[in-house]
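This report refers to the structure that appears directly beneath it.
The values are calculated or read from the model by the stated rules, or taken from the named source; none is laboratory data. This is a predicted model, so every value here is computed, not measured. Note: ideal-geometry Cβ built from the backbone for every residue, glycine included; neighbour counts use all protein chains shown.
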Amino acid sequence: MSILLGLAPFIAFFVVMRLSTPLIALAAAAVIAAALSARGLAKGGSVKILELGSVLLFGLLALYTWIAAPDWSVAGVRLAVDGGLTAIVLLSLAIRRPFTIQYAREQTPPAFWHQPLFIRTNDIITAVWALYFLICSLCDAAALWVPAVPLWLEVALSIGALLGAIYFSSWYPARIRRNIPRGASA
């Protein structure tokens, strides 16, 4: 499964958020995250850090929204989601289990999984995704607390950072592979 499929709950949240209420958007994202986790388990795999974090993040935010009934602004609920995602990714780095490593293992022979270069490559890619989510969080915070910042700028920064993270996630491993001498282990 690709990282982008792992981000499906977040994509669904942002789409549904535009069409409905925060509670429905958060609940829909929680259901999608749970379905992705169940799909991975049904295929004999394990639950990925991003999937588990998504289930917890969206589930807890949906529960909070249902019980406390906060008057979420679009920027406020997006900040909670993007901030939560930033925390999930940073936590994966802090516990030395970069969230990208589970996706990379799906495309890499097991002989490389414990090699320092493989682990370092995933640390770097995960850090780039953390930067993307941090940029999104900062854009959300600006929308919430600095209304003078134009919306088009926040959207452009978020989209540019996303495209950069996606590009880097494919470019960097290819660059690393090109620099490994034939027959050498990573």
Handout entry: E106 in the same structural domain as C139 (by TED's automatic domain parsing) and either surrounded by fewer than 22 Cβ atoms within 10 Å (Cβ to Cβ) or within 19 Å of the chain's Cα centre (by Cα) (or both)
Key = yes
Handout entry: Sole residue being at pLDDT 90 or above, within 20 Å of the chain's Cα centre (by Cα) and closer than 18 Å to D140 by Cβ, chosen from L52, L26
Key = L26
Exercise for the section: Mind telling me which of the residues R120, R78, R96 ends up being under 26 Å from T21 (Cβ atoms) and of a type outside the set (A, V, I, L, M, F, W, C)? Expected result: R78
Exercise for the section: Take the range 90-116 and flag every residue that is touching a residue at least 40 places away in the same chain (Cβ under 8 Å), assigned to a loop (DSSP other than H, G, I, E, B) and not charged (D, E, K, R). Expected result: F99, Q115
Handout entry: Sole residue being closer than 26 Å to L52 by Cβ, in contact with a Gly (Cβ under 8 Å, 6 or more places away or on another chain) and of a type in the set (G, A, S), chosen from S170, S137
Key = S137
Handout entry: Residue check for A34: under 21 Å from Q102 (Cα atoms) and either part of a helix (DSSP H, G or I) or not hydroxyl-bearing (S, T, Y) (or both)
Key = yes
Problem - Conditions (1) buried (at least 19 other Cβ atoms within 10 Å of the Cβ); (2) within 18 Å of the chain's Cα centre (by Cα); number of the one not met by T65 - result: (2)
Handout entry: Matching residues, the range 117-129, being in contact (Cβ under 8 Å) with a residue 24 or more places away in the chain and either over 13 Å from L162 (Cβ atoms) or not in a helix (DSSP H, G or I) (or both)
Key = L117, F118, T121, N122, D123, I124, I125, T126, A127
Practice task
Pick out the one residue from L157, L144, L151, L163 that is without any contact (Cβ under 8 Å) to a residue 12 or more places away in the chain and surrounded by 12 or more Cβ atoms within 10 Å (Cβ to Cβ).
Solution key: L151
Handout entry: Only listed residue being closer than 26 Å to L93 by Cα, surrounded by fewer than 20 Cβ atoms within 10 Å (Cβ to Cβ) and at pLDDT below 95, chosen from G83, G40, G59, G6
Key = G40
Problem - In the range 19-54, the residues that are under 15 Å from V74 (Cα atoms) and either in the same structural domain as P98 (by TED's automatic domain parsing) or free of Cβ contacts under 8 Å to residues at least 40 places away in the same chain (or both) - result: L19, S20, T21, I24
